[in-house]
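Structure record follows, encoded as structure tokens.
The values are calculated or read from the model by the stated rules, or taken from the named source; none is laboratory data. Just so you know, these numbers come straight off a predicted model, no measurement behind them. Cβ atoms come from the backbone with ideal geometry, glycine included; neighbour counts cover every protein chain shown.
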């Protein structure tokens, strides 16, 4: 009998996660994984934060802890603390109960739930996303039923922000369109607007009633300061307007596999926020019923203890500083080697990723000849570099730039 | 226009003053900002516009989860929560299995990292879960014909399958039992998969309408998906007999339908993992292609960890590979990859012979407690009810739930008069019942059954 699945084709490997698969299959001792954005120590090892271990120990030792279903919207204290973290403790939006916060599965889950909610309840179903953006963004929005348009963002000539293009494209968007904004540490480019540029973006968006949807995956991880990295979000919220925010604790708390994040919807009034929350529950219930408890309990434990919170900020700054130092080392080594081109974007860009400006052919060359694993758009994860491996990467880049077109 | 905007030097724009005015003037209906006088110019541009979400209405509470919320709000000391299906001890406390605590301690001692799992989940978990379901030696396992991916408990696994059906079986319908778990239809609705019902519960016998079930499955368009509860049907507790399962398999094969099992209670229904998997294994033995969603919420008490799996049994290893790749493609834009904690717990428990044995013992204990409570409830009903009504359906049902046969008005009486919280379809969770409360519950049921209509004067809903 014929299989009912005969029409099901083999899907290609996810391009980002596929890089790690290829890396794992490579036997070369010189290989470097600059693919997926997970932090690595100087020794190239994954890191579980000390404060996370302590929080977990506390949870496991607590005899009163149970594994009952948590509410559809997640843990209440996690939600409150997450809103406070991104919006600031003194945020009027919080004080006025205008924020509906729903625990979701990390950044992806928060984006998807937010998008499904907008598809059902918002009058506009087009979302503008930057070009380029994280590879999974268009898929998340398409599957939620939104149509995706792009706004100019990265300027390959300057390896910086195409600000004029951005303003023009957002200026041309239909009134009320949704706009995806990377709160800080743009993925994959590492190029962020300055605060003056953010202000212009805010004014333009408010004048056209464009609805901001922030993706905040690196708060504290970009500059080392939680407040600094939340600045863009906070200025939008401070003007009294509405927005959506997807938060992830994957990087800044190293909780990648626990899938912890939150969707916050900042509304005009408490009444609207409470109705919005009730409708978001209807999106969640048929998707996975309620979110997983473990990661959220870790986060809540840390955020509610001033001692643990402080320890966290120190470890977080440690990670951010190591990345900044890798940027410096890579830049200086390329300078020292005399590799052709202007490499200053390496130290101007921020966050886990650098958009090197290398093209697909150069990347393929680096993978084949030097066992450097990275995404074909030229993005490298600085978190995957160490002082020991910088020289090998420099050799690879130098060779690629001088030998491949 | 740009020149009239204030630049935001600091983030304080007298927001508190502004918002106090907003609150004074009210927020619903007419635009509160038309009357307001002085605001900072920046906030003005935003403040005059109403919420983009103004038209959104308050959604009703979830019919199942909302019961617990109502229970919490009730201050009466006699109150009893027989709503959501979460296991309770005789002391009516939540229960974390000892073997789960052991596994968590082990994981902490080992210092496992928290890296992203692959999109398809933890490999050790996927292997263990498929083997638990089909038996490690089953040909479908040995011949690698099962595509297994870790899902967010039962709901998440059902949703992945529903999305696959929508994509690759356009127009195909899913038949769900009447009644079934309330969230099933929401899952298929949101996944945009059409569904219809097959007869299942017979209120006259408080048993299975087997003829109706077979007739409706037969009548469905060829190639329909048939949603079946592997064991311990939710909400009725009424399962087909082994002979009836054979006939169900026959008619499904005859019509080239695709079975879709929801297995949320393996081990929890009878106390035996193998016995509770018999229906699924029957279908696997026949070489059929079908779906199975699994959950570890109840049998390992991992409710909040959201751990389950979707298994797709295919006719070849090649088909299984292709199907698995497409399931991944659905999961990635939903949540990227699944949570690691619950998966590790399951893998550790199943992977260690001693812990696996302990788990089986704890599961037998939980299933045993429920059977004991069933018996006591039955005995109490029989001794207290003088009407001669046949209450034996309680003993014939299996699993966490019992369908009492009470209608909405009667169920409302249970809550309003007796502070017994249950779902409006007449379902009670025996997992939330203690031996100590059986007599009180029997009184409530007898009163509601016989007298509810007299108290509340609402017409009977059939």
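Answer with yes or no whether residue A:130 is closer than 25 Å to residue A:240 by Cα and part of a loop (DSSP other than H, G, I, E, B). The answer is no for residue A:130. One residue alone among B:399, B:388, B:405 is more than 14 Å from every other protein chain (Cβ to nearest Cβ) and within 30 Å of residue B:122 (Cβ to Cβ), and that residue is B:399.
Considering region A:123-135, and only residues there that are over 29 Å from residue B:50 (Cα atoms) and at pLDDT 95 or above, the residue that is farthest from the other protein chains (Cβ to nearest Cβ) turns out to be A:131. Against the test of being more than 14 Å from chain A (Cβ to nearest Cβ), surrounded by fewer than 20 Cβ atoms within 10 Å (Cβ to Cβ) and farther than 28 Å from residue B:82 by Cα, the options B:351, B:368 yield a single qualifying residue, B:351.
The single condition from (1) more than 13 Å from chain B (Cβ to nearest Cβ); (2) free of Cβ contacts under 8 Å to residues at least 60 places away in the same chain; (3) surrounded by 22 or more Cβ atoms within 10 Å (Cβ to Cβ); (4) more than 19 Å from the chain's Cα centre (by Cα) that residue A:202 fails is (1).
Scanning region A:131-147 turns up no residue that is surrounded by fewer than 17 Cβ atoms within 10 Å (Cβ to Cβ), in the same structural domain as residue A:292 (by the TED database) and in contact (Cβ under 8 Å) with a residue 40 or more places away in the chain. Checked against the criterion of being surrounded by fewer than 17 Cβ atoms within 10 Å (Cβ to Cβ) and within 27 Å of the chain's Cα centre (by Cα), region A:370-380 contains one or more residues that satisfy it. All conditions in (1) modelled with pLDDT of 95 or more; (2) part of a loop (DSSP other than H, G, I, E, B); (3) within 27 Å of the chain's Cα centre (by Cα) hold for residue A:66, with the sole exception of (3).
One line per residue, one yes/no per condition, for (1) more than 18 Å from the chain's Cα centre (by Cα); (2) without any contact (Cβ under 8 Å) to a residue 12 or more places away in the chain; (3) in a helix (DSSP H, G or I):
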position	(1), (2), (3)
B:298	no, no, no
B:301	no, no, no
B:315	yes, no, no
B:320	yes, no, yes
B:327	yes, no, yes
B:330	yes, no, yes
B:337	yes, no, no
B:346	yes, no, yes
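Which one is surrounded by the most Cβ atoms within 10 Å (Cβ to Cβ) among residues in region B:116-140 that are without any contact (Cβ under 8 Å) to a residue 12 or more places away in the chain and not in a helix (DSSP H, G or I)? This residue is B:136. Apart from one condition, residue A:21 fits all of (1) under 30 Å from residue B:107 (Cα atoms); (2) away from every other protein chain (no Cβ under 12 Å); the exception is (2).
Sort out which residues of region B:89-105 are within 10 Å of chain A (Cβ to nearest Cβ), surrounded by 14 or more Cβ atoms within 10 Å (Cβ to Cβ) and not in a loop (DSSP other than H, G, I, E, B), and write them in order of number.
B:94, B:100, B:101, B:104
Condition first: more than 21 Å from residue B:259 (Cα to Cα) and at the interface with another protein chain (Cβ under 10 Å from one of its Cβ atoms). Can you find one or more residues in region B:312-323 that meet it? No; the residues of region B:312-323 include none that is more than 21 Å from residue B:259 (Cα to Cα) and at the interface with another protein chain (Cβ under 10 Å from one of its Cβ atoms).
Out of all the residues in region B:169-186, is one or more within 14 Å of chain A (Cβ to nearest Cβ), free of Cβ contacts under 8 Å to residues at least 24 places away in the same chain and in contact with a helix residue (DSSP H, G or I) (Cβ under 9 Å, 6 or more places away or on another chain)? Yes, there is a match, as at least one residue in region B:169-186 is within 14 Å of chain A (Cβ to nearest Cβ), free of Cβ contacts under 8 Å to residues at least 24 places away in the same chain and in contact with a helix residue (DSSP H, G or I) (Cβ under 9 Å, 6 or more places away or on another chain). Checked against (1) within 12 Å of chain A (Cβ to nearest Cβ); (2) modelled with pLDDT under 90; (3) assigned to a loop (DSSP other than H, G, I, E, B), residue B:56 meets all criteria but (2). A count restricted to region B:416-444 and to residues that are outside any loop (DSSP other than H, G, I, E, B) and either surrounded by fewer than 22 Cβ atoms within 10 Å (Cβ to Cβ) or more than 24 Å from the chain's Cα centre (by Cα) (or both) stands at 13. For region B:413-422, the criterion of being under 25 Å from residue B:240 (Cα atoms) and in the same structural domain as residue B:378 (by the TED database) is met by at least one residue. Residue count for region B:67-88, restricted to those that are facing chain A (nearest Cβ under 10 Å) and either under 30 Å from residue A:212 (Cα atoms) or part of a helix (DSSP H, G or I) (or both): 2.
The set of residues in region B:270-308 being more than 13 Å from every other protein chain (Cβ to nearest Cβ) and closer than 17 Å to residue B:125 by Cα consists of B:273, B:292, B:294.
Please work out if residue B:342 is in the same structural domain as residue B:158 (by the TED database) and assigned to a loop (DSSP other than H, G, I, E, B). Please lay out each step first, then the result.
Working: in the same structural domain as residue B:158 (by the TED database): yes; assigned to a loop (DSSP other than H, G, I, E, B): no.
Criteria not met by residue B:342.
Residue A:71 passes every criterion in (1) within 9 Å of another protein chain (Cβ to nearest Cβ); (2) out of contact with any helix residue (DSSP H, G or I) (no Cβ under 9 Å at 6 or more places or on another chain); (3) farther than 24 Å from residue A:179 by Cα apart from (2). Evaluate the following for residue B:78: is it touching a helix residue (DSSP H, G or I) at 6+ places or on another chain (Cβ under 8 Å) and surrounded by 15 or more Cβ atoms within 10 Å (Cβ to Cβ)? For residue B:78, the condition - touching a helix residue (DSSP H, G or I) at 6+ places or on another chain (Cβ under 8 Å) and surrounded by 15 or more Cβ atoms within 10 Å (Cβ to Cβ) - is not met.
Taken together, A:59, A:75, A:85, A:17 contain a single residue that is within 21 Å of the chain's Cα centre (by Cα) and in contact (Cβ under 8 Å) with a residue 24 or more places away in the chain, which is A:85.
Between B:284, B:269, which is surrounded by 21 or more Cβ atoms within 10 Å (Cβ to Cβ), outside any helix (DSSP H, G or I) and touching a helix residue (DSSP H, G or I) at 6+ places or on another chain (Cβ under 8 Å)? Within the list B:284, B:269, the selection yields B:269. The number of residues in region A:172-197 being out of contact with any strand residue (DSSP E or B) (no Cβ under 9 Å at 6 or more places or on another chain) and closer than 27 Å to residue A:221 by Cα comes to 2. Exactly one residue among A:127, A:178, A:201 is in contact with a helix residue (DSSP H, G or I) (Cβ under 9 Å, 6 or more places away or on another chain) and farther than 16 Å from residue A:236 by Cβ, and that residue is A:127.
Quick one: residue B:275 ticks every box in (1) closer than 18 Å to residue B:183 by Cβ; (2) assigned to a helix (DSSP H, G or I) except a single one, so which number is it? All conditions pass for residue B:275, except number (1).
Of A:222, A:230, all but one fail to be out of contact with any strand residue (DSSP E or B) (no Cβ under 6 Å at 6 or more places or on another chain), within 30 Å of residue A:49 (Cβ to Cβ), more than 8 Å from chain B (Cβ to nearest Cβ) and modelled with pLDDT under 95; the exception is A:222.
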